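The values are calculated or read from the model by the stated rules, or taken from the named source; none is laboratory data. Computed from a prediction, not measured in an experiment: that's the story for all the values here. Neighbour counts run over all protein chains shown; Cβ positions are idealised from the backbone, glycine included. We work out accessible area using only protein heavy atoms, side chains counted, and drop any ligands, DNA or RNA first. Shrake-Rupley method; radii C 1.70, N 1.55, O 1.52, S 1.80 Å.
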2 protein chains.
Amino acid sequence: MIEIAILGHGVVGSGVVEVLSAHKDSILKRAQNEIYIKYILDRREFPDSPFADRFTKSFDDIINDDSVKIVVEVMGGLNPAFEFVKQCLEKGKSVVTSNKELVAAKGAELLKIAKDKNVNFLFEASVGGGIPIIRPIHQCLAANDVIEIAGILNGTTNFILTKMIRDQMSFQDALVLAQELGYAERNPEADIEGGDACRKICILASLAFGKHVYPEQVYTEGITQISLNDIAYADVWGGVIKLIGRVKMMENQGIQIIVCPMLIPKESQLANVDDVFNGILVRGDATGDVVFYGKGAGKLPTASAVVADVIDCAKHMGARKYLFWSDSVSNYVHDYLDDTTSMFVRITADDVAAAKTKAEVLFGEVESLVRKNASAKEWAFVTKPMQERDLQRKLDDLRKSGFTVASAIRIGDL
Amino acid sequence: MIEIAILGHGVVGSGVVEVLSAHKDSILKRAQNEIYIKYILDRREFPDSPFADRFTKSFDDIINDDSVKIVVEVMGGLNPAFEFVKQCLEKGKSVVTSNKELVAAKGAELLKIAKDKNVNFLFEASVGGGIPIIRPIHQCLAANDVIEIAGILNGTTNFILTKMIRDQMSFQDALVLAQELGYAERNPEADIEGGDACRKICILASLAFGKHVYPEQVYTEGITQISLNDIAYADVWGGVIKLIGRVKMMENQGIQIIVCPMLIPKESQLANVDDVFNGILVRGDATGDVVFYGKGAGKLPTASAVVADVIDCAKHMGARKYLFWSDSVSNYVHDYLDDTTSMFVRITADDVAAAKTKAEVLFGEVESLVRKNASAKEWAFVTKPMQERDLQRKLDDLRKSGFTVASAIRIGDL
């Protein structure tokens, strides 16, 4: 019998209890050991729970009980999750978490402690909910160099963009609908400003390339500025706008990493990832493109990923799993302005002809896009690929010449 | 240092040597051990290979060398692959194979020997080439009941169907093109008649549900009867025709398994899996739908999957990995005629009105489909879901009434 403690009894935490109970027999078979929930830490009380006698309000009960070998952290947030997880690892307990904020901010530090203590720190559920992604990437890595990872990593923003694309709903209306359906929080900032997707691409980048990438190092743009005009032009161009987190290995062993809305061709395997679904493309030198698709969130998918990690810990008591990356080094994350991209640009101007002339002087040949019902004062085009620093300078020149740059959306070659 | 032998130096075998050489350093790091190719078995000679001194024509060299701990079987076919693999396992050597024919025909037997001898028998490359699928399914299984697996498992037929759908190429022309491009063999039977897809769904079914399913137990229909007429009607209906291998767990713990062309809606995540790509949908009770997508074949993707297994064996010398299923039991694989499905039916008749009347008597209400440029002697419809045995009886009744059933294609609710 292996005794575990669960920190937190919210959506994911209660899901973990549910999955452990519902799949008791098959888990016993697979873990080759009974997994026994000894403690559940929560400030609230759950007198009607079949596990009512296991609840505690005191973390000390757990940290001081040496019979607890595995701790599941599903509280979310950095405090007190970080302190709790750190103490557990230092005490020689393995930890499983679904907490992307924790892994993105403190992954290298916690993995180092886990390594020193010869215990496991696993976090399959922190990216992609129930989609197996952490282990498959590790598997891809075994005999293959990962070159690039790009993904639709946030279900809320993908739902909003899908509503804008399919039903011509405005951003605001789609956001309100997402909130009504429980897909978006009352304070939706972490989703719509790209912060959630940023944490996830940081975790994938750290795993794939071996050095921790911190969210603060990543240029992050959300979807709040995307309008139905842009959606219409994207369609004319033959694509859709998706919020993409992307990391690429560069020739000099540094990385380019970004989170931003991208215009991607309809043929891309990510273009059809709609609604609250996530899709993650892993590009390898030997495997080519491999795509993983599924529900990126939700109580049971996430809980089942957590429990799979618990089983893995239970099967490997005293043996370390593979997961590890070292801390960041300087100059490793390149300035996004050094990267090369094409850009979709939408301009409003009283004198569109003058804007066109100016744009062609600045950008050289561009691809003009024409949409139905466009205002006479609007013009949209796609530039050739060039360095982003150069692109931004030219956009500034346009602005200085009195033209309004209403949108500038990167083209994703995915 | 861990010494290995490679049986076969064809496309995959030479790819394995290439991947082991090109990724030598990272493999050393990951396997925590040098992997040394001691023998390569092939009837031919390769005097220009940097490994020329390791070639042997005698399997005895390998089986009698106790220092060889891992054997890679990439010869393909059942003979002599089965005998060789069996002997290796019995001698306590771990075996990695990409040979789907071998795993589909002899998996349970070989897994049993591996278990008895406490060695590994791994075959990630046998399904989906470089797409990680065997391990992720196992991972999904840990805390989740897999309910259904459905996949586009054969790249050759998917390429042919894609050409038919996109370019209105005939089946014959598309097959010739596939042969010219090296996607189809000179004798394409195993691909176009569904045999290759059948082996792969057998392996996935065995893995997911724990009992061996043999190809002979699976009703298998290829794509040779699919016409451009059917493709056009599929489009009208809002779908595409794909060759699908599907297995479902039934309520009484038996399974329904089939390989056949299916009409699937365009919204399905499998509908956009085009060209030589594979896509595999795994439906779980907790995870919901998870889809894996990528190149299902090719030298380097397949070789990199083989090498990942070799590394796994190297890291687990003396410790067994998880993979196991038991042999088949009677009544486990249900008669496909007991399953329920809707059917797309295309009829040619001198008197179409009479055919319609007869069909409506037989099938009740049906959904008529109208395509452009249809002959006046043709009519197509989609039935409601009913038991396949019942459906086939009604189709026979139509034939007996003098109408020609030109096509009957199952609808896939994927």
Apart from one, (1) in contact with a strand residue (DSSP E or B) (Cβ under 7 Å, 6 or more places away or on another chain); (2) in a loop (DSSP other than H, G, I, E, B); (3) open to solvent by less than 70 Å² (accessible area, probe 1.4 Å) all hold for B:GLY76; the odd one out is (1)
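Whether any residue in the range A:260-273 is in contact with a Ser or Thr (Cβ under 8 Å, 6 or more places away or on another chain), within 9 Å of chain B (Cβ to nearest Cβ) and either of a type outside the set (A, V, I, L, M, F, W, C) or assigned to a loop (DSSP other than H, G, I, E, B) (or both) is what I want to check.
no
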Among (1) surrounded by fewer than 21 Cβ atoms within 10 Å (Cβ to Cβ); (2) more than 14 Å from chain A (Cβ to nearest Cβ); (3) of a type outside the set (Phe, Trp, Tyr), B:ALA319 falls short only on (2)
The one condition A:VAL68 fails out of (1) free of Cβ contacts under 8 Å to residues at least 60 places away in the same chain; (2) over 30 Å from B:GLY288 (Cβ atoms); (3) surrounded by fewer than 23 Cβ atoms within 10 Å (Cβ to Cβ) is (1)
For B:SER326, the lone unmet condition from (1) out of contact with any helix residue (DSSP H, G or I) (no Cβ under 7 Å at 6 or more places or on another chain); (2) within 14 Å of chain A (Cβ to nearest Cβ); (3) not aromatic (Phe, Trp, Tyr) is (1)
Of (1) over 17 Å from A:ALA104 (Cα atoms); (2) touching a strand residue (DSSP E or B) at 6+ places or on another chain (Cβ under 8 Å); (3) of a type in the set (A, V, I, L, M, F, W, C), A:PHE171 satisfies every one except (2)
| Condition met for A:ALA406 (in contact (Cβ under 8 Å) with a residue 60 or more places away in the chain, in contact with a Phe, Trp or Tyr (Cβ under 7 Å, 6 or more places away or on another chain), surrounded by 17 or more Cβ atoms within 10 Å (Cβ to Cβ) and under 30 Å from A:GLU267 (Cα atoms)) | no
Of (1) crowded, with 18+ Cβ neighbours inside 10 Å; (2) more than 20 Å from the chain's Cα centre (by Cα), B:SER227 fails just (1)
Exercise for review: Determine if the range A:280-290 includes at least one residue that is in a strand (DSSP E or B), within 20 Å of B:ALA143 (Cβ to Cβ) and within 9 Å of another protein chain (Cβ to nearest Cβ).
Suggested key: no
Exactly one of A:TYR214, A:TYR233 is aromatic (Phe, Trp, Tyr) and touching a helix residue (DSSP H, G or I) at 6+ places or on another chain (Cβ under 9 Å), and that one is A:TYR214
Practice item. Examine the range A:294-311 for a residue that is away from chain B (no Cβ under 12 Å) and modelled with pLDDT under 95, and state whether such a residue exists. Key: no
Residues of the range A:69-103 being more than 20 Å from A:GLY130 (Cβ to Cβ) and basic (Lys, Arg), in sequence order, are A:LYS69, A:LYS86, A:LYS91, A:LYS93
Over the range A:165-189, the set of residues surrounded by fewer than 20 Cβ atoms within 10 Å (Cβ to Cβ), among the hydrophobic types (A, V, I, L, M, F, W, C) and modelled with pLDDT under 95 is A:LEU181
Is it the case that the range B:127-138 has a residue that's modelled with pLDDT of 95 or more and more than 15 Å from the chain's Cα centre (by Cα)? no
Of the residues in the range B:88-112, those that are part of a loop (DSSP other than H, G, I, E, B) and either touching a Leu at 6+ places or on another chain (Cβ under 9 Å) or under 16 Å from B:ALA205 (Cβ atoms) (or both) number 1
Open item on the list: When you scan the range B:221-240, do you find a residue that is in contact with a Pro (Cβ under 9 Å, 6 or more places away or on another chain), under 30 Å from B:ALA108 (Cα atoms) and of a type in the set (Val, Ile, Thr), even just one?
Closed with: yes
>> Quick check on A:ALA374: is it away from chain B (no Cβ under 13 Å), assigned to a strand (DSSP E or B) and over 23 Å from the mean Cα position of the chain (by Cα)?
In response: no
Pairs returned, first residue in the range B:116-132 that is more than 13 Å from chain A (Cβ to nearest Cβ), second residue that is among the acidic types (Asp, Glu), beta-carbon separation under 7 angstrom, 6 or more apart or interchain, are B:LYS117/B:GLU90
Of those in the range A:16-45 that are surrounded by 15 or more Cβ atoms within 10 Å (Cβ to Cβ) and among the basic types (Lys, Arg), the residue farthest from the other protein chains (Cβ to nearest Cβ) is A:LYS38
When every residue in the range B:215-240 that is assigned to a helix (DSSP H, G or I) and of a type in the set (Asp, Glu) is compared, the one nearest to B:SER330 (Cα to Cα) is B:GLU216
When the range A:384-414 is checked residue by residue, the ones that are at pLDDT 95 or above, within 28 Å of the chain's Cα centre (by Cα) and assigned to a loop (DSSP other than H, G, I, E, B) are A:PRO385, A:GLY412
Point to revise | Filter pass, A:THR162 being surrounded by fewer than 22 Cβ atoms within 10 Å (Cβ to Cβ), among the polar types (S, T, N, Q) and closer than 25 Å to B:PHE292 by Cβ | key: yes
- [ ] Restrict the check to the range A:147-159 and report whether at least one residue is part of a loop (DSSP other than H, G, I, E, B), touching a strand residue (DSSP E or B) at 6+ places or on another chain (Cβ under 8 Å), of a type in the set (A, V, I, L, M, F, W, C) and more than 14 Å from chain B (Cβ to nearest Cβ).
- [x] yes
Looking across the range A:329-349 at residues that are of a type in the set (Val, Ile, Thr) and open to solvent by 40 Å² or more (accessible area, probe 1.4 Å), the single one that is farthest from the other protein chains (Cβ to nearest Cβ) is A:THR348
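Listed residues A:ILE165, A:ILE137; which is assigned to a helix (DSSP H, G or I), facing another protein chain (nearest Cβ under 10 Å) and touching a residue at least 60 places away in the same chain (Cβ under 8 Å)? Before the answer, list the steps.
Numbers: A:ILE165 fails: facing another protein chain (nearest Cβ under 10 Å).
Answer to the selection: A:ILE137.
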Checked the range B:241-259 for anything in a strand (DSSP E or B) and either within 14 Å of chain A (Cβ to nearest Cβ) or among the acidic types (Asp, Glu) (or both); matches are B:MET249
- Can you find even one residue in the range B:6-15 that is modelled with pLDDT of 95 or more, surrounded by fewer than 20 Cβ atoms within 10 Å (Cβ to Cβ), away from chain A (no Cβ under 14 Å) and at positive phi? no
* Qualifying residue in the range B:200-212 (condition: away from chain A (no Cβ under 14 Å), open to solvent by 40 Å² or more (accessible area, probe 1.4 Å) and assigned to a helix (DSSP H, G or I)) -> no
